[in-house]
1. Across region 56-84, what is the total count of residues that are crowded, with 24+ Cβ neighbours inside 10 Å and either over 20 Å from R24 (Cβ atoms) or out of contact with any Asp or Glu (no Cβ under 8 Å at 6 or more places or on another chain) (or both)?
2. Being of a type outside the set (D, E, K, R), crowded, with 16+ Cβ neighbours inside 10 Å, out of contact with any Asp or Glu (no Cβ under 7 Å at 6 or more places or on another chain) and over 28 Å from E141 (Cβ atoms) narrows it down to one of V207, V179, V171, V183, so name that one.
3. Looking for something aliphatic (A, V, I, L, M) and in contact with a Leu (Cβ under 8 Å, 6 or more places away or on another chain) - is there at least one such residue anywhere in region 127-146?
4. Only one of (1) touching a Pro at 6+ places or on another chain (Cβ under 7 Å); (2) more than 20 Å from A71 (Cβ to Cβ) is not met by Y87, so which one is it?
5. Filtering region 120-134 down to residues that are hydrophobic (A, V, I, L, M, F, W, C) and within 11 Å of F94 (Cβ to Cβ), which residue is surrounded by the fewest Cβ atoms within 10 Å (Cβ to Cβ)?
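Read-outs: derived from the displayed coordinates by stated rules, not from any lab. Quick caveat, the model's predicted, so the values are computed rather than measured. FYI the Cβ positions are ideal-geometry reconstructions off the backbone, even for glycines, and counts take in every protein chain you see.
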Amino acid sequence: MGDIRSGPSDDPRESLEWAKAVLRGRSEKDYALAYSVVVDAAKSGSEDGKFCLGLMYARGQGVTRDLSAAAEWFSRAAESGSRSAMYYLGKMYFRGYGVAKDIARAAELFSLPAEDGDSRAQYSLGLIYFEGDTIPRNLEESAKWVSMAARRGHSDAQFVLGQFYKTGCGVRKDISTAVDWLVSAAMNGNKGAQILLGNMYTAGDGVQVDRDEADRWYDMADGR
């Protein structure tokens, strides 16, 4: 298999793997050659090639950043079955980047990756059902998808799920479970969860007042 040091291989599949390594490693000196490899793969019908070309346009790697072109290549990759492309294209429709904002289309694109276990898509679906923009608000459905993402280690989902249990949003209110999820998020580096835990232990909000415990979470949020 080709790597960044040896350059692309004569085998198109290995060359594409080399180009993907270049993109992951942010090896700018190799971007131009990687772009050439990815374009060839995309135009030959490679699902990975189409997806990688979308990424390059979205990030401006080896080519001028062009969100419309990124959406076009993500769309082609999604049509070929790429779950990653579906997720990225869904994010673009969710935010209105490079395409007209379309929440319903975003939810449709997130669905397959979410069902296949993509925690990013699961969390995004959870947000859509929570916000109720275009698609009717459904707190139980929101909690279902957020919970799936949280159980897969998605720290933002763990933070949100902790708040759901703290307030009884879409789930039965349960402070003990709320704290468990907030701790999981905080230990995964989620600053919002660290601060919320500090606030809870300072005020005795659902837990016993404990200044030492509060300071521990505040210090973690401050990077100490």
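1. Of the residues in that region, 5 qualify.
2. Numbers: V179 fails: over 28 Å from E141 (Cβ atoms); V171 fails: over 28 Å from E141 (Cβ atoms); V183 fails: over 28 Å from E141 (Cβ atoms).
Only one candidate qualifies: V207.
3. yes
4. For Y87, the failing item is (2).
5. Here is the first cut: in region 120-134, the ones hydrophobic (A, V, I, L, M, F, W, C) are 121, 125, 127-128, 130.
If we keep only those that are within 11 Å of F94 (Cβ to Cβ) as well, we get 121, 125, 127-128.
Values: A121: 28, L125: 28, L127: 19, I128: 24.
Per the stated criteria, the residue is L127.
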